[in-house]
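Here is the structure we will look at.
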Amino acid sequence: MKVRLITDSLSLPRRYEGGTVLWEDIYFNKLRKQFPGVEFILMAMGGATIEQLHLSLNYYKETNPDVVILQSGIVDCAPRALGQLEQQIVIKLRIFRLVHPFTKFLRKHRNLTYTKPKQFEATLLKIKNSFPGKPFISIGILPGCEAYDKKVPGISKKIELYNSILSKHSLYIDNSNFSRNGIIGDHHHMNEKGHQQIFDKLLPLIEQYRNKAN
């Protein structure tokens, strides 16, 4: 059996204040060790929108997976001060210091995201339809909190909206009960405990599909 994981940076190792998520700690590797007879194939792209993940699928479609797992959405739904093109211009002109004082205000009032809900839904369906007839699992975006909303106004509501889209079109792994001790200080990446939580939620599903395949 082949299991295809399509993710943004959340599945990857990373350093954070107070520790390091090692390659051995990520849920992908935990699944590999738990199921040595299952082939897990990871495509992960840090900072990727769901559209960027979809565009990269051409390199991986022919792996012919039996199960597909998607972890995506936080990059798409987060309120932004600037659009992607605007961000590129600010960086090129080196005027970020002029924009930075207004970042929180712009995030709150522009209602700008990298991916609008309808576009997110359409691209999600494109990914799903790239693997017709295959179980399609999505990992819910980790929940917001008061501190995250203070830093990025409106993020919790956006997370709920985009999670509702994921749940509509996939076998959805609900993370509304995700323990905060599994999330690092940026409020959306996972530490070692967080990867363990995702592993624990994926474990029975992989067992189920492996048993069916056997």
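The values are calculated or read from the model by the stated rules, or taken from the named source; none is laboratory data. Because the structure is predicted, anything quoted here is derived from the model rather than measured. Glycine gets a Cβ as well: all are built from the backbone with ideal geometry, and neighbour counts include every protein chain shown. Protein only, heavy atoms only, side chains kept; ligands, DNA and RNA dropped before computing areas. Shrake-Rupley method; radii C 1.70, N 1.55, O 1.52, S 1.80 Å.
A few points about this structure:
- Dipole magnitude for region 1-72: about 160 debye, using +1 per Lys or Arg Cβ and -1 per Asp or Glu Cβ, origin at the Cα centre.
- The sum of -39500 (n - 2.57) across all DSSP H runs of n ≥ 4, divided by the residue count of the chain, sets its helix-only mean residue ellipticity at 222 nm to -13000 deg cm²/dmol.
- Across the chain, C-alpha contacts under 8 Å between residues 6 or more apart give a mean separation that, scaled by the residue count, equals a relative contact order of 24 percent.
- Most simply put, the chain has about 25% antiparallel DSSP beta bridges, counting only bridges with both residues inside it.
- The mean sequence separation of alpha-carbon pairs under 8 Å and at least six residues apart, normalised by the residue count of region 124-214, gives a relative contact order of 26 percent.
- Put a plus charge on the Cβ of each Lys and Arg, a minus charge on the Cβ of each Asp and Glu, and nothing anywhere else: the dipole of the chain about its Cα centre is then about 580 debye.
- The distance linking region 41-58 with region 139-214 is 18 Å (Cα centroid to Cα centroid, whole angstrom).
- Across the options Pro36, Val67, Leu125, the greatest Cα extent toward the positive end of the charge dipole of the chain (unit charges at beta carbon of Lys, Arg, Asp, Glu) belongs to Leu125.
- Whole-Hz couplings from phi, Karplus 6.51/-1.76/1.60, listed for region 169-179; x for Gly and Pro: 10, 7, 7, 9, 9, 6, 10, 4, 9, 4, 5
- For region 1-42, averaging the sequence separation of C-alpha pairs within contact (under 8 Å, six or more residues apart) and dividing by the residue count gives a relative contact order of 52 percent.
- Amide H contacts of Ile183 (H built 1.01 Å from N, under 5 Å, at least 5 apart or other chain): Asn191
- For region 142-214, the solvent-accessible area with a 1.4 angstrom probe is 50 square angstrom per residue.
- Values of log10 I(q)/I(0) for the chain across q = 0.12 Å⁻¹ run -0.65, by the Debye formula with one identical scatterer at each alpha carbon and no solvent.
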